[in-house]
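Here the structure comes first, spelled out in structure tokens, and everything after it is commentary.
Laboratory data are not the source of any read-out in this text; all were calculated from the coordinates shown. Remember, predicted model here, so these are calculated numbers, not experimental data. Note that we place each Cβ from the backbone using ideal geometry, even for glycine, and neighbour counts take in every protein chain shown.
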Amino acid sequence: MPHNANPLSKMELSVAVLVSVGRHPLTARARRADHDARAVEMALSLGNANVQLIHAGDNGAPSEEALRSYLGMGLGEISLIKQSLGADVLPALAAWLRDAAPHLVLTGTRAETGEGSGLVPYMLAEILGWPVISGLAQVESIEGGIATVLQALPRGKRRRLRIRLPAIATVDSSAPVARQNAFGPARRGEFATRTCASAIDELQAQWSEQPARKRPKRLKIVKSASARDRFKAAAAKADSGGGQLLSDVTPEQGAEAIFTLLKGEDVLG
Amino acid sequence: MLETLLPILIFTALALAVIGAVRRIRLWRQGRPSRVNLLKGLVALPRRYLVDLHHVVGRDKMISNTHVATAGGFVAAAMLMILVHGLGIANPLLGGLLLLASASMFVGSLFVARRRINPPARLSKGPWMRLPKSLMAFSLGVFLITLPTVGLLPEGLLEGSGGWLLALVLAGVVAWGLGEMFFGMTWGGPMKHAFAGALHLAFHRRAERFSTKKGGTGRSTGLKALNLEDETAPLGVEKPADFTWNQLLGFDACVQCGRCEAVCPAFAAGQPLNPKKLIQDMVVGMAGGSDAAYAGSPYPGKPVGEHAGSPHGPIVALEGKTLVDAETLWSCTTCRACVEECPMMIEHVDAIVDMRRHLTLERGKTPNKGAEVLDNLIATDNPGGFDPGSRLNWAADLNLPLMADLKQVDVLLWLGDGAFDMRNQRTLRALVKVLRAAEVDFAVLGNEERDSGDVARRLGDEATFQSLAKRNIATLAKYRFLQIVTCDPHSFHVLSNEYGDFLQEGQGGPDFNANYKVRHHSTFIAELYDAGRLTFAPWKGGSVTYHDPCYLGRYNGEYEAPRRVLKALGIEVKEMERSGFRSRCCGGGGGAPITDIPGERRIPDMRMNDVKESGAELVAVGCPQCTAMLEGVVDASAKVRDIAELVADALVECPVGNASGESRRPAATTTAEEVIV
């Protein structure tokens, strides 16, 4: 946390972190979601920021324990917006964020349970009319309502962005690992519960769910003549040859290009 | 003149001692309550001192005899002096006894003084260096002032101007002695150990560790449970006042002999821990102040004088330095070598785990891989984060009987987390082979088994430990078995000594509501051999030594069975210099490999060096942690084999009619049905 010693000194920055109930990949036990926990870590490492946690959803016993493990990172309270099972949490979250008006909203890239589409931050940004940034790796400074941040790109690349606040940022595994969840603070932490009308997600209600299957991996055929070749093959960047960079095109042209690609890859018939 | 001066001196010193005692007791009473039967403790005190404590002190005959002469002489001389010189009962018999006592004390103090010439590094210097002189002053002074009483000196000697001077000098010497022995005893001088030590023995937090006339086991090694139900109770120890009062009293009993320091593996490895300094730091914290006055070996790499604390201030600072640095607490391997050696019966490991509990449960500051391991234990019930459904994968071809199918067996084989470790899987396979050869009726829990909670507890995560313990107990309660056998001494210790606090009605070992009857595999194999159920081919390998695992030896007192098994294999064990209760830790206990505090050397390297010095080509072990740690040593001179592997390799078909039963007892075969019905 050496980078954020003073940049936020002028006024107290308020940060809201949207947290969800995670699910362990091996045992399916409820837990704090890894990306969301990293978002909390990011918020806590902003120095003097006022951090609020928000969870919207149905709060059964296992999920209470999972939510408490966010409190175990050293927070006193979590705002809980009660929603019925299967409700669309977007309206409730949007209403809460409008009320609370935080400067920055952090959340994981995608949830570990439920739809897990990763669309919540984008749709919230659309509703609120705020900018959204994905893959936040580090907040460098916040001055005069503008945040300078580093965005994580594949292969360890970083891109410096300046974004106008309020904004929404998502955090993925390129952000620092979340701190330990301590039993004492987790047990003492409180839930500030508020109820909000649940918007039934009619679309989702029509879906049927089934456990995901592992997607088959594309075989990487290495024709190795020497150890050097094998090393190069292992260390090489994923081959992005044949790609196409489109800029300054109309949405229709873009969609056409994607459609062609999908057809070419036999994704679409 | 002395007749008037002496009573004044004696009673002033006594009065000051009483005031000091009250102040000292108030320091201890800052601690949290702890239920102790005060009267019973005081009654048991002489036995605890003369039997249990002397058992430890007696390991060093020279010092033991020195102490008997000095302390015995002092106690007798002090009592008699109060009678003879304080109250003026100038009875020649009493006077004679007083001469005898002070002479004995003087002889003892000569030996104390001899030990202070070029003292070993483990001994504290400072005020302790003046102690032999003070002892001599007291004994000599008392001896001389008593000579006239018994008429051995002409009465007139102390009269006249020369006599006056002599009397004054004598009074001065006696005053010095009284100052050290009476005043210093309760005001924090070296003699504090006698006052605090006696009360510490009487009010010890683990009364069960002392033997009784009926022959108690005298072992109490399970950690004390935290009450997690009570949300107001502190989670571990944050500040010195969070210790119980009798723990604080125990710290005050330390004589700074440094026996703990001499055996501490972390200290030897140059990690920042010295058990003696830690106890002294707790004393500093209890009284408030800085550690600058400490005159012993520091924590390696940490100069003395930079740390300070107060009874109600944090022991480990959130930022900067207070009393103790966190890495000091995390260096401990919980091997209990210090507790085993401590002549004052101080419980170092309890204190360290208490402080770790605060760091983990309240601050979430378990260092290095600690947080990851604890997360894994919560999410997957094993420290490695493996799929709990794969616990039995190593035995896919062994067709192991499951408890879930059989419900009732003689022996429940507890696998431990070694089931996920490829090295330990070889041990487990060997053990299964042995059990099958002896036709033992056994089964495993399979995927129903969870980590025993050992690592979680020693990393301070009492909540995760209790959660694992309660679920394991509930699983065990579903089945019937006579005993649990395991090749993991850590599981052994936790199951047999630490689960007892969480057993509910109808849960527990074969006789319900009691601790589980757990056997280490070496004990069980020794029993099988004695019963004539195993036959071994003669040993053809080279020389062998045996490494005692801490959790089998010091924690559970099992030193004999592994050696019996090795003997049965035809192996003559070449003992290492440090073996048995003095065995040196492999460095794998207490979560030390997880918290991984850097030092100058590695503990397992030092242990393998011990093996090398013994000249053995193979070291037999009985613990998955020890195997992993010792096998991780590069360029080792000896191979590492678990006892189960050695036994499995030596197995031969049992001859019909069980011919080879010369020294063996007949089998005591009880089946599960007989006992449980």
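Structural remarks
- Near-label residues of region B:106-133 by backbone N, under 15 Å of a point 7 Å along Cα→Cβ of B:E600: B:121-122
- Straight-line reach from B:K540: taking Cα to Cα under 27 Å and skipping same-chain neighbours fewer than 8 places apart, the lysines in range are B:K433, B:K567, B:K574, B:K612, B:K639.
- Dipole magnitude of the protein assembly as shown about its Cα centre (Cβ charges: Lys, Arg +1; Asp, Glu -1), debye to nearest 20: 1860
- With θ taken as phi - 60° and the Karplus curve 6.51 cos²θ - 1.76 cosθ + 1.60 applied, the whole-hertz 3J(HN,Hα) list for region B:289-306 is x, 10, 8, 4, 7, 5, 10, x, 5, x, 5, x, x, 10, x, 6, x, 9 Hz, x standing for glycine and proline.
- Convex hull volume per residue in cubic angstrom - Cα atoms of region B:426-539: 119
- Computed on the Cα trace of chain B, the radius of gyration divided by the Kirkwood hydrodynamic radius gives Rg/Rh = 1.04.
- In order along region B:346-354, the phi-based Karplus estimate (6.51 cos²θ - 1.76 cosθ + 1.60, θ = phi - 60°) of 3J(HN,Hα) comes to 7, 9, 5, 5, 4, 5, 5, 5, 4 Hz; Gly and Pro are listed as x.
- Highest average packing first - B:557-568, A:203-214, Cβ atoms within 10 Å: B:557-568, A:203-214
- Over chain A: helical MRE at 222 nm, DSSP H runs n ≥ 4 each giving -39500 (n - 2.57), nearest 500: -8000 deg cm²/dmol
- Residue-averaged beta-carbon neighbours from other chains (10 angstrom radius) around B:371-380: 4
- R0 of 22 Å, Cβ-Cβ distance B:F502-B:K369: FRET efficiency to nearest 0.05: 0.25
- Inter-label distance, nm, simple model (7 Å from Cα along the C-beta direction), B:K133/A:A227: 7.0
- Measuring spread by the Cα atoms of region B:197-282 yields a radius of gyration and Dmax of 15.4, 43 Å.
- Between the residues B:I25, A:L165, B:H312, the greatest Cα displacement towards the positive end of the dipole of the protein assembly as shown, with unit charges on the Cβ of Lys, Arg, Asp and Glu, is found for B:I25.
- Expressed in units of 2.2 N^0.38 Å, where N is the residue count, the Cα radius of gyration of region B:376-650 is 0.97.
- Size descriptors for region A:139-262, from the alpha-carbon set: Rg then Dmax equal 23.2, 66 Å.
- The aspartates and glutamates within cross-link reach of B:K321, meaning a Cα-to-Cα straight distance under 17 Å and a gap of 8 or more places when in the same chain, are B:E238, B:D281, B:D291, B:E306.
- Contact order normalised by residue count of region B:240-363, Cα under 8 Å, 6+ apart, percent: 28
- Cα convex hull of region B:365-429 - mean projected area over all directions, nm²: 5.6
- GNM on chain A, alpha-carbon springs under 10 angstrom: the most fluctuating residue among A:A175, A:A257, A:A137 is A:A257.
- Pairwise FRET efficiency - A:R164 versus B:R32, Cβ, R0 = 51 Å, nearest 0.05: 0.40
- Based on the Kirkwood approach, the hydrodynamic radius assigned to the protein assembly as shown is 32.7 Å, with every pair of different Cα atoms included.
- Neighbouring Cβ atoms from other chains, within 10 Å of the Cβ of residues in A:19-28, number 3 on average.
- Cα-centre dipole for region B:376-650 with unit charges at Cβ (Lys and Arg positive, Asp and Glu negative), debye to 20: 360
- Amide H contacts of B:V485: B:L412, B:L413, B:W414, B:R519, each under 5 Å away and 5 or more positions distant or on a separate chain (H built 1.01 Å from N in the peptide plane; Pro and chain starts excluded).
- Extension gain, B:E575 back to B:L14 (0.36 nm per residue minus Cα-Cα distance, nm): 196.8 nm
- FRET efficiency, A:A192 to B:D635 (Cβ-Cβ, R0 35 Å, nearest 0.05): 0.05
- In order along region B:88-102, phi translates into HN-Hα couplings of x, 7, 7, 6, x, 5, 4, x, x, 4, 5, 4, 4, 4, 5 Hz, rounded to whole numbers, per the Karplus curve 6.51 cos²θ - 1.76 cosθ + 1.60 with θ = phi - 60° and x for Gly and Pro.
- The ratio of the alpha-carbon radius of gyration of chain A to the globular-protein estimate 2.2 N^0.38 Å is 1.14.
- Taking a point 7 Å out from the Cα of A:E202 in the direction of its Cβ, the residues of region A:70-106 whose backbone N falls within less than 19 Å of it are A:84-92.
- Ranking B:T212, B:W394, B:M355 by how far each Cα lies toward the positive end of the dipole of chain B (charges on Cβ) leaves B:T212 at the top.
- A crude spin-label estimate for the pair A:V249 and B:H55, with each label 7 Å from Cα along the Cβ direction, gives 8.5 nm.
- Mean Cα-pair separation over length for chain B, i.e. relative contact order, pairs under 8 Å, 6 or more apart, %: 12
- Calculated from the alpha-carbon coordinates, region B:424-490 shows an Rg and a Dmax of 13.9, 41 Å respectively.
- B:R47 versus A:D99: modelled label distance in nm, points set 7 Å from Cα along the beta carbon direction: 6.8
- Peptide A:175-183 - average C-beta neighbours from other chains (10 Å radius): 6
- Computed from the Cα positions only, the extents of region B:341-385 along the three principal axes stand at 42, 21, 16 Å, in decreasing order.
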